[in-house]
Structure formats: structure tokens, C-alpha cells
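Just below is one structure, and these are the notes that go with it.
Rule-based calculations on the coordinates, nothing more; no lab input. Owing to the predicted nature of the structure, the values given are computational and were not obtained by experimental measurement. As a convention, Cβ positions derive from the backbone with ideal geometry for all residues, glycine included, and neighbour counts pool all protein chains shown.
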Amino acid sequence: MKHFLLIYDYAPDWMEKRGPVRPAHLELCRASVARNELQLGGAVPSDEPPFGLLLFKAEAAQIAEDFARADPYVSQGVVATWRVREWITVVGEGALTKV
């Protein structure tokens, strides 16, 4: 298993667009949590520009990529761009790489 970060760059008007699709987005999140894929997720609104960050645990980046492709935040323009990066975690109870 590995950790992957899904990074969402929000559209400038993301707050206005988010409301109508948020229930479907959260449903997708909860389903991924139930499969033990999505570990944590949320917005970083105080940064400029604000962004979203979701932490996945999976064998391959495709789990996070498929999540983004299915997410109404992406299809409905809340998210302008997204990317997935492997995160090699080495410290902490949930770290997946032992050193």
C-alpha cells in the first residue's frame, strides 16, 4: 500500500459552484472511505489560492485518479485542475514506509 495526495485547484468561483453538488461529492467521499481508500479530505481555504487536499491509501494512483474523474466537483467546475502525487509517509502511526 501507498499514500497518494489528490490536489484540487479550485475555480475562482468555487464557493458559488460548490453548494448544489456538495451532497453528491460527499456521498462519493463516504463511499471511498467505506472502501478504506480515502483517509482524509478537506479544503485549505485560507491559502491563496485555496485548494482541496485528499489523502488516499491504495496500491496505485489510479484509485485517486478515478475518484477525481467521478467527482462532481470536477465535472461541474468547482475544481479547475487536479493532480495526484505519491506521498511517501515515514513518520507517524499511519506511515506506510518503515525506515
If I take R0 = 22 Å and measure r between the Cβ atoms of residue 53 and residue 98 in this structure, what FRET efficiency does the formula 1/(1 + (r/R0)^6) give, to the nearest 0.05?
0.35
Using alpha-carbon positions, what is the distance between the centroids of the stretch 52-99 and the stretch 23-37, in Å?
13 Å
For the stretch 56-94, listing GluC sites (Glu not before Pro) in a DSSP loop whose Cβ sees at most 15 other Cβ atoms within 10 Å gives 59, 93
Using Cβ counts within 10 Å as a stand-in for footprinting exposure, how do 6, 53, 28 rank, fewest first?
53, 28, 6
Which loop trypsin sites (Lys or Arg not before Pro) in the stretch 17-53, with loop taken from DSSP, have no more than 14 other Cβ atoms within 10 angstrom of their Cβ?
35
Roughly what angle does helix 14-34 make with the longest principal axis of the chain, taking Cα atoms, 0 to 90 degrees, to the nearest 10?
30 degrees
With a ≥ b ≥ c the root eigenvalues of the C-alpha gyration tensor of the stretch 2-84, is it rounded (a/c under 1.5), prolate (a/b larger than b/c) or oblate?
prolate
Would you grab the residues whose amide H sits under 5 Å from the one on residue 79? Only those 5+ places off in sequence or on another chain, please, with H modelled 1.01 Å from N.
11, 74
Pseudo-spin-label distance residue 60 to residue 39, built 7 Å along Cα→Cβ, given in nm, is 2.0 nm
Give me the percent relative contact order of the chain, please, defined on Cα pairs under 8 angstrom at least 6 residues apart.
45 percent
Residue 75 and residue 13 label points (each 7 Å along its Cα→Cβ direction) are spaced in nm at 2.1 nm
Quick query: amide H of residue 71 versus all other amide H atoms, modeled in the peptide plane; which residues come in under 5 Å with a sequence gap of 5 or more or a different chain?
none
